[in-house]
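One structure is given below, encoded as structure tokens.
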Amino acid sequence: MTTTALSVRDMLVVYEDFAALNRVSLDVQHQESFGIVGESGSGKSTLLRAISGLSAFQEGSLTVDSRNFNGRKRDREFYRTVQMVFQDPYGSLHPRQTVDRLLLEPLAIHGFDNVDARIARALDEVGLGSGFRFRYSHQLSGGQRQRIAIARALIVEPKILLLDEPTSALDASIQAEILNLLEQARRDRSLTFVMVSHDLGVISHMCERLAVMKSGEIVEILPADALEKRQFSADYTRQLLVASEGFRRD
Amino acid sequence: MIRALRRRPVLMIGAFTTTLLTAVALLSLFWTPFPPTKIQILQRLKPPLEQGLLGTDQFGRDVASMLMAGAWNSLSIAFAAVLIGATVGTAIGLVVSVRRGWLEMLVMRACDVIFAVPPILSAMVLGAFIGAGRFTAIIAIATFMVPVFARLTLAAALQIWTRAYVHAAIGMGRSPLKITVVHVLPNIANQIVVQVTIQLGLAILTEAGLSYLGLGLAPPAPTWGRMLADAQTFFGQAPWLALLPGMAIALAVTGFSLLGDGLRDMLDPRSR
């Protein structure tokens, strides 16, 4: 039996008089990998930021692990459960800290013991040896940085990982490596993923179900294999699919 | 040394000038050629090299010694004022960058009000209440330094707060205070250091202005500003009395400006 890991009900995010998120609802099951796709400005990142508490939502409700949250306030327990990986691996690491300090920070906040072993294990898990431990972020490549960002998220042993376009800043070959790494981590740790991307290929590869968003609303929610079978009802989904197949010379 | 000078001439000249001035100011605490306040009325208005290195003023006091003691008075007031202004201003800027909302409105409008009142004017008002002197000068100058640093810090900190690594820290459950100390402050420290240096030059200029108007240190303590004011009467007979303190002020202000510019170029090449 599956249970709900994360539930969003009628979430409303308004900037000035613009509704960035217009009463969005969705449920993500435990250990599910859930994708959110849509064009730029469709509200997919806003949704992720509102869930993580980086921006506030004005109305609606958010339930994580059967606990309710609203506005921007999240407690430490929430951040133990939910971790986020950001789009830009160049901006998401503190420029003046070594990898060691970067990974120590979340451990210190949540009062973990045995930090040395945990940091070593985390680096190992993302495929970087201990040789990277005392490097600064500017000494790492984009893919290596994103691995560090993933290690930082995983090190507090969260149950849910929010992924905001985790590979869109990386080139194609690195993309595949990072996606495989994430997939491996999900299997090993029984994680729940909520992944935002404008790349339908990435989403259909990684996710079991996906929501298609447009203008701050969810157009439809469908299983990933429905994309291949072209079993969708919304016209917009078809447009998005055609667009993602790229330009074809006929 | 020569290579460094060629690579960063602005920085090196600024550093050299300010180091020299600071050294002279510190030296004056222990040694000056003559006691700077000693009056020798028979030796009055002697030109440079005839009596002492830089001549004497209308009371026969040694100008070189007065300039040295003046350097200490000027620099110590400037340093204290900028230290207070930078600390208070930076703290305000950091707090506002976390809270924002109505507090940001309030603080920024307060800054506008302080900017609108010239520091000389606020020093006169302050002097009327608590009397002219070192403390008045420091507080008056610090008061107009605070909004400079508050604005700079706020603008820089807000930029840092939008960075993904700060979002990551929020996502770890870090408190705003910890994020400010660990993530924001180290990444804006460069800008603050540069501003401190530039403000030191301005503070010296303001202090000279205050003591020129008689709002600085009380006589007989020598200050560059009052030397300039006193020299006006004798400009026809003894022009060096006006030129020398004027040059000292110009040298100090230029030195700190160059040092600030040089530091900025070195620490943040993008902001040129």
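General observations
- Folded to 0 to 90 degrees: helix A:99-109 orientation relative to chain A principal axis, Cα: 80 degrees
- Ranked for footprinting exposure by Cβ neighbours inside 10 Å, fewest first, A:Lys214, A:Lys73 give A:Lys73, A:Lys214.
- Here, the protein assembly as shown is characterised by an Rg to Rh ratio of 1.16, where Rg is the alpha-carbon radius of gyration and Rh the Kirkwood radius.
- Shown for A:Ser55, B:Ser28: other C-beta atoms within 10 Å of each C-beta, ranked fewest to most, produce the order A:Ser55, B:Ser28.
- The modelled label-to-label distance for the pair B:Gln58/B:Ser175, using points 7 Å beyond Cα in the direction of Cβ, is 6.1 nm.
- Residue-averaged beta-carbon neighbours from other chains (10 angstrom radius) around B:171-184: 5
- The lysines within cross-link reach of A:Lys214, meaning a Cα-to-Cα straight distance under 21 Å and a gap of 8 or more places when in the same chain, are A:Lys44.
- Alpha-carbon spread of segment B:2-271, three principal axes, descending order, Å: 77, 52, 30
- Proximal charge balance of A:Leu181 [Cβ under 15 Å; K/R count +1, D/E count -1]: +2
- Counting, for every residue in A:213-225, the Cβ atoms of other protein chains within 10 Å of its Cβ and taking the mean gives 0.
- Cα long-axis angle, helix B:9-30 against chain B (0 to 90 degrees, to the nearest 10): 60 degrees
- Cα extents for segment A:162-250 along the principal axes, largest to smallest and rounded to whole angstrom: 37, 30, 26.
- Helix A:115-125 axis versus longest C-alpha principal axis of chain A: approximately 50°, rounded to the nearest ten.
- When only the Cβ of Lys, Arg, Asp and Glu is charged (+1, +1, -1, -1), the dipole of segment B:2-271 relative to its Cα centre reaches about 720 debye.
- Listed residues B:Thr37, B:Thr143, B:Thr233, most fluctuating in chain B (Gaussian network, C-alpha, under 10 Å): B:Thr233
- Shape category assigned to segment A:1-74 from the gyration tensor of Cα positions, a/c cut at 1.5: oblate
Throughout, read-outs are computed from the coordinates displayed, never taken from laboratory work. Keep in mind that what you see is a predicted model, and the values were worked out from it rather than measured. Neighbour counts run over all protein chains shown; Cβ positions are idealised from the backbone, glycine included.
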